[in-house]
Amino acid sequence: MKGKFLVIFSVVVLTVSFLGFNSLFIITEGEQAIVVRLGRIENVHTDAGLKVKVPFIDNVVKYSTKILSWDGEAQRLPTVENQFIWVDATARWRITDPRKFYESVATITMAQSRLDDVIDSSVRSVISSNPIREAVRNSNIINEIERKDVYRASDDDDELDPESLSVIAMTETSYTRIIKGRNEISNEILERAKRITPDYGITLIDIVIRQIKYSDDLTESVYNRMIKERSQIAQAFRSDGEGKKAKWLGEMNRELRSIRSEAYRRAEEIRGLADARAAAVYSDAYNRDPEFYAFWKSIESYKETLPKFNKTLTTDSEYFKYLHDKRGR
Amino acid sequence: MSDFKMPKGFTVKPFMLVIAVVILLLLTGVFMSIFIVEPREQGVILRFGKFDRIVEPGLNFKIPFGIETSHIVPTQFVLKEEFGFRTVRAGNGRSVYSPSQFTDESSMLTGDLNIVDVEWIIQYRITDPLLWLFRVDNQTKAIRDISQSIVNLLVGDRAILDVIGSERTAIEIAGQDMMNELFDRYNLGIRVTTLQLQNIVPPKGSVQNAFEDVNKAIQDRSRLINEGKQAYNEQIPRAKGEAEAFIREAEGYAVERLNKAEGDVARFLSVLTEYRRSPDVTRTRLYYEMFEEIFGDEKSGDLIDKNLKNFVPFKTVGGN
C-alpha cells in the first residue's frame with residue numbers, strides 16, 4: 001500500500017504545484033498588465049510584484065510602462081512659402097490606459113502604425129502652414145549675436161577696421177524676426193496629435209524635430225548661393241588689398257618724385273651759386289687790367305693750342321723783329 | 001580527490017535519489033544566489049518583479065530560482081555617444097575614424113538658411129540605476145534622438161559663421177542644460193556631463209572650398225598690403241640717400257669750381273703784380289717765352305719770308 005500512496009501523493013503534489021504555478025505571475029518593474037478572462041477585461045495591474053489569477057482561464061497581457069519612442073520616416077513637406085524640406089520627427093509616448101490600449105490597438109505594432117498616421121499628419125499641417133524660418137530657428141538670438149572676430153585677419157589688425165570689414169563681409173545683416181520658433185512649432189504639432197491619442201490609451205509626451213534638410217534640388221541652389229556669397233566676400237577682400245597696395249605705391253611714387261626733384265633743385269642751386277661765385281672771382285681779377293688780361297690769356301691760349309698745329313711761319317711775326325735788323329724793323 | 005567507488009553490493013534506493021535531487025537543488029540554489037558586482041557598477045535587485053534594493057560592488061546574494069533577479073548597471077562609467085562620425089579604433093594619441101559620412105546626423109540648417117556639417121559627442125553617467133532600467137525603453141535611442149534634436153535646434157538658431165566660430169561654447173553649454181532638463185523630465189536617471197562639438201564645417205566640396213577661399217583671400221589681402229608697404233619702405237630711404245649723395249656731389253663741384261677759379265686767378269694776379277712793376281719787360285718776356293715753348297720742340301719747320309714767294313729754310317744764326 002505504501003507504493004500506491006506514494007504515487008497518489010506525488011500526483012497530488014504535482015497537480016497542486018502545477019495549478020499553483022499557473023495561478024501566479026510576476027509583473028516586473030517597467031511593466032503593466034491586464035488580465036483577460038473569457039474575452040473580458042477583468043483586472044488591470046500597473047504596479048510591479050507577484051500577482052494572482054485564475055489558472056488557465058485568465059490570460060495575462062503585458063505592456064510596458066516605460067517611455068517608448070516613435071520614429072517616423074522623414075517626410076518631404078512644403079512650407080508656407082512652398083519650399084520643400086525633409087522633416088524628420090520623433091516622439092515619446094506611454095501607454096497610460098492599458099485597458100483602452102488593449103481595446104483599441106492591442107499591440108505595439110498597431111499602435112506605432114496608428115501613431116504614424118496621427119503624428120505624420122500633424123507634422124504636415126503645422127509645417128506647411130508656417131514659413132521655413134519658424135521651423136528652423138527657435139529665437140531671435142541670431143540678431144543679437146555680436147560678430148567681432150568673424151574673419152581672422154593677420155597680425156596687423158589696424159588695417160582691418162570694423163566698419164570697412166562689415167561692408168566687405170556683410171557681417172551686419174539682420175534677419176527677419178520670428179514669432180513662434182521651433183519649440184512652439186513642436187508644441188503645436190504635439191497639441192494636435194494629443195487630441196487623438198487618448199482614444200488609444202496613449203499619452204504623447206513630446207514630438208521633436210530631429211533634423212530638417214532641404215529637398216535635393218533646393219540643396220543645390222542653396223549650395224550655389226553659399227558659394228556665390230563666399231566668392232563675393234573673397235573678392236571684396238582681395239580688391240581691398242589691391243586698393244590699399246595701390247595707395248601705398250602711389251604714395252611711394254609721389255614721394256620719390258618729390259625727393260628727387262627737390263634734390264635736383266638744390267643741386268642746381270648749389271652749382272649755379274658756385275658758377276656765379278667763380279665767375280665773380282674771375283671777373284674781379286681780370287677786370288683789374290682787361291688789356292693785360294687779353295694779352296696774357298692769348299699767350300696762355302697759344303701755348304695750349306698751337307703745339308698741335310703743323311706750323312708754317314712767316315717772318316711777318318713780331319718775333320722776327322730783330323731778325324733782319326738788329327735795331328728792329 | 002579520490003574517485004568515488006561503488007562498494008560491492010550497493011543498491012540505489014528511491015529515497016537516495018530524492019536526497020540526491022535535493023542536494024543538487026541546494027547546490028544549484030547556492031550557485032544561483034551568488035553574483036558579483038564589479039567596481040564602478042551597481043546592482044538592482046527585484047523580488048517577484050518589484051524593486052527591493054540596490055547592492056554595491058563585491059560579492060552579493062539574491063534569493064535564487066527567479067524569486068529575486070539582479071540587474072547590473074554601470075554607474076561609475078562615463079558613457080559616450082558620437083554623432084556625425086564614428087571612432088573605429090580609439091588610440092592613445094591618434095584615433096582612427098570611420099571614413100563614411102554620417103550626413104543624416106551631421107547635416108543641418110543654420111538660422112541664415114545655410115547648410116553646415118556638425119560632429120559632436122556627448123558624455124553621460126547613469127546616476128539612478130532604478131530609473132535607468134525601468135523608466136525608458138531603448139535608452140540609447142532616446143538619448144541619441146534628443147541629443148540630435150537639441151543640437152539641430154541650437155544650430156538652426158544661429159548663423160553659419162557663428163556656429164563655426166564664436167558660438168561653439170554657447171551651443172555646448174545650452175545643449176548640455178537642455179538635454180539634462182529633458183532627461184530629468186523623462187526620469188531617465190542619467191546626467192549629461194559634456195556636450196562637445198568637434199568638426200564643424202561647411203558641406204564638403206565646392207562649398208567648403210569657397211569658405212576656405214575666403215581665408216585665402218584674407219591672407220592675399222594682407223600679402224598685397226605688405227607688398228605695398230615693403231616697396232615703400234625699400235625705395236623711400238634709398239631715394240633719400242641717393243638724393244643726399246646727389247647734393248653732396250653738387251657741393252663738391254662747387255668747392256672744386258671755386259678752388260679752380262681762385263687758383264687760376266692767383267696765377268694771373270701774381271703775373272699782374274709783376275707786370276705793374278715793369279710792364280714792358282714783363283710783356284716782352286712773356287711773349288718770347290711763349291714762342292720758345294711752342295716752337296722749341298720743333299724738329300723741322302718752314303719759315304716763309306713775307307717778301308718772298310719761296311720757302312726759306314730756317315737756320316740758326318751763325319750757321320750755314
For n ≥ 4 DSSP H runs only, could you compute -39500 (n - 2.57) per run for chain A, divide by its residues and tell me the 222 nm figure to the nearest 500? -17000 deg cm²/dmol
What residue among B:Asp112, B:Asp220, B:Asp264 shows peak mean-square fluctuation when chain B is described by a Gaussian network model with Cα springs under 10 Å? B:Asp264
Compute the longest continuous run of chain A that contains no exposed GluC sites (Glu not before Pro); treat a site as exposed when its DSSP state is not H, G, I, E or B and it has at most 10 other Cβ atoms within 10 Å. A:147-329
Checking A:Asp120, A:Asp275, A:Asp216 against a Gaussian network model of chain A (alpha-carbon springs below 10 Å), the top fluctuating residue turns out to be A:Asp275
Angle in degrees between helix A:290-305 and the longest Cα principal axis of chain A, rounded to the nearest 10: 70 degrees
One quarter of the C-alpha convex hull surface, i.e. the mean projected area of the range A:205-292 in nm², amounts to 12.3 nm²
Roughly how crowded by other chains is peptide A:208-221, in terms of the mean Cβ count from those chains within 10 Å of each of its Cβ atoms? 4
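Quick one: compute a quarter of the convex hull surface over the Cα atoms of the protein assembly as shown and quote it in nm². Walk me through the numbers on the way to the answer.
On the way: hull surface 289.5 nm².
Computing the convex hull of the Cα atoms and averaging its projections yields 72.4 nm².
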Rounded to the nearest percent, how much of the accessible area of chain A (1.4 Å probe, protein heavy atoms only) is carbon and sulfur? 53 percent
Could you give the angle, 0 to 90 degrees to the nearest 10, between helix A:182-194's Cα long axis and the longest principal axis of the Cα atoms of chain A? 20 degrees
Residue among A:Ile270, A:Ile202, A:Ile132 with the largest mean-square fluctuation in a Gaussian network model of chain A, springs linking Cα atoms under 10 Å: A:Ile270
Quantify how strongly other chains surround peptide A:264-274 by giving the mean number of their Cβ atoms within 10 Å of each of its Cβ atoms. 5
Neighbour cut-off at most 11 other Cβ (10 Å), DSSP loop, trypsin sites (Lys or Arg not before Pro), the range B:231-303: B:Lys299
Helix-only mean residue ellipticity at 222 nm for chain B, each DSSP H run of n ≥ 4 adding -39500 (n - 2.57), per residue, nearest 500: -17500 deg cm²/dmol
For the B:Thr103, B:Asn187 Cβ pair and Förster radius 30 Å, calculated FRET efficiency rounded to 0.05 is 0.35
Over the Cα atoms of chain A the radius of gyration and the largest Cα-Cα distance (Dmax), both in Å, equal 55.9, 207
Helix A:2-23 sits off the longest principal axis of the Cα atoms of chain A, rounded to the nearest 10 on a 0 to 90 degree scale, by 50 degrees
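Work the Kirkwood hydrodynamic radius out for the range A:1-153: mean of 1/r over every pair of different alpha-carbon atoms, inverted, in Å.
For the range A:1-153, inverting the mean 1/r across all distinct Cα pairs yields 20.9 Å.
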For chain B, what is the per residue volume of the convex hull drawn over the alpha-carbon atoms, in cubic angstrom? 573 Å³
In Å, the C-alpha Rg and Dmax of the range A:174-329 are 52.2, 165
Within 10 Å of each Cβ of A:58-69, how many other protein chain Cβ atoms are there on average? 3
Please compute the length gained on full extension between A:Val12 and A:Arg195, using 0.36 nm multiplied by the number of residues separating them and subtracting their Cα-Cα distance. 60.4 nm
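The values are calculated or read from the model by the stated rules, or taken from the named source; none is laboratory data. Note that this is a predicted model, so its numbers are computed, not measured. Note that we place each Cβ from the backbone using ideal geometry, even for glycine, and neighbour counts take in every protein chain shown. Ligands, DNA and RNA are stripped out before the accessible areas are found, and what is left, the full protein with its side chains, is counted by its heavy atoms. Shrake-Rupley method; radii C 1.70, N 1.55, O 1.52, S 1.80 Å.
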